[in-house]
Amino acid sequence: YCEFGEENVFCSIIEDHTAETRSQFEILSQKETLESMNEELLSNEEELRQNYEELNNIKQALQISEKKYRALFEDAVLGIFQTSLSGDLIEYNTAFAVIFGFSSLQEMKTALDNPDTISFSFSKNWVNALQKTLIDGEIKGVELKETRCDGTDVWISMNVKAVRDEDGQILLFEGSIEDISRRISAELENERALIQNKKNIA
């Protein structure tokens, strides 16, 4: 209320708050969006934490499984092996090396890596068996005569199967061998004795 001479008037001031109000609405909207995003992030963080724990549990289970497999692989009585399609050894256990006359797994690896040190190789029958696996997909109970690293003969019974990928393509061969030299020796001895008995009877 103001007085101007003899006149009395009411005075007022008006301001345009449109921009300010719009900004406030935008700020509130962004705040709500940020709160929503924060809740989503917290939810994702919890999900990631659960996934991490799950993956960690799976990793630990795989490590335990790997240790068990490795123990079974190394302590197996049978010779266990994996080869490439060309027949090159990829992996094998101690029993496999011992069957071929080596004192340890490392000695066989050294011999294969340095053929000049110890003369050792597989026979054509071994290669043919792997080629048959390439065609048939699996072979069982194939008996082969191989030569140990010291030059002596060893008879083995061989089981091999082809390992395939999801598309059915053969990746490698894996199998097992058993030393059957004693059995073969006994059979040969029995056969010689039988022949001798027939001669004696004649």
Backbone HN-Hα couplings from phi across region 150-165 [Karplus 6.51/-1.76/1.60, Hz, Gly and Pro as x] | 8, x, 7, 8, 9, 9, 10, 9, 10, 10, 9, 9, 8, 9, 10, 8
Counting only the heavy atoms of the protein chains, how much of C11 is accessible to a 1.4 Å probe, in Å² to the nearest 10?
-> 80
Folded to 0 to 90 degrees: helix 124-136 orientation relative to the chain principal axis, Cα = 50
Furthest towards positive pole of dipole, G87, A61, A19, structure part the chain, Cβ charges = G87
Can you give me the pair-distance distribution of region 97-149, C-alpha pairs, 5 Å bins, whole percents?
-> 4, 19, 22, 19, 17, 14, 4, 0
Ordered by residue, what ³J(HN,Hα) values in Hz, to whole numbers, does region 82-95 give under the Karplus form 6.51 cos²θ - 1.76 cosθ + 1.60, where θ = phi - 60° and Gly and Pro are x?
-> 10, 10, 6, 5, 7, x, 6, 5, 9, 8, 7, 9, 5, 4
Semi-axes in Å, largest first, for the chain (Cα gyration tensor, √(5λ)) are 87, 17, 16
Assigned charges on the beta-carbon of Lys, Arg, Asp, Glu; the chain dipole about Cα centre (debye) | 3200
Computed FRET efficiency, Cβ-Cβ of S43 and K161, R0 45 Å: what is it to the nearest 0.05?
-> 0.40
Expressed per residue, the solvent accessible area of region 20-62 in Å² (1.4 Å probe) is about 95
With each pseudo-label sitting 7 Å past Cα toward Cβ, what's the Q131-L172 distance in nm, one decimal?
-> 2.3
Would you mind computing Rg(Cα) / (2.2 N^0.38 Å) for region 97-202, counting N as its residues?
-> 1.38
Using a 1.4 angstrom probe on heavy atoms only, work out the carbon and sulfur share of the accessible area of the chain in %.
-> 52
Enumerate the amide H contacts of I180 below 5 Å, restricted to partners 5 or more residues apart or on another chain; note that Pro and chain-start residues carry no placed amide H.
-> W155, I156, S157
What number, in percent, do you get for the relative contact order of region 1-111 if the mean sequence gap of Cα pairs under 8 Å and at least 6 apart is divided by its residue count?
-> 11
Total charge dipole magnitude, region 55-158, about the Cα centre, Cβ charges on Lys, Arg, Asp, Glu only, Debye to nearest 20 = 320
Rounded accessible area per residue of region 133-202, 1.4 Å, Å² = 68
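The values are calculated or read from the model by the stated rules, or taken from the named source; none is laboratory data. It should be emphasised that the depicted structure is a prediction, and the values quoted were computed from it without experimental measurement. For neighbour counting, all protein chains shown are included, and Cβ atoms are generated from backbone atoms with ideal geometry for every residue, glycine included. Protein only, heavy atoms only, side chains kept; ligands, DNA and RNA dropped before computing areas. Shrake-Rupley method; radii C 1.70, N 1.55, O 1.52, S 1.80 Å.
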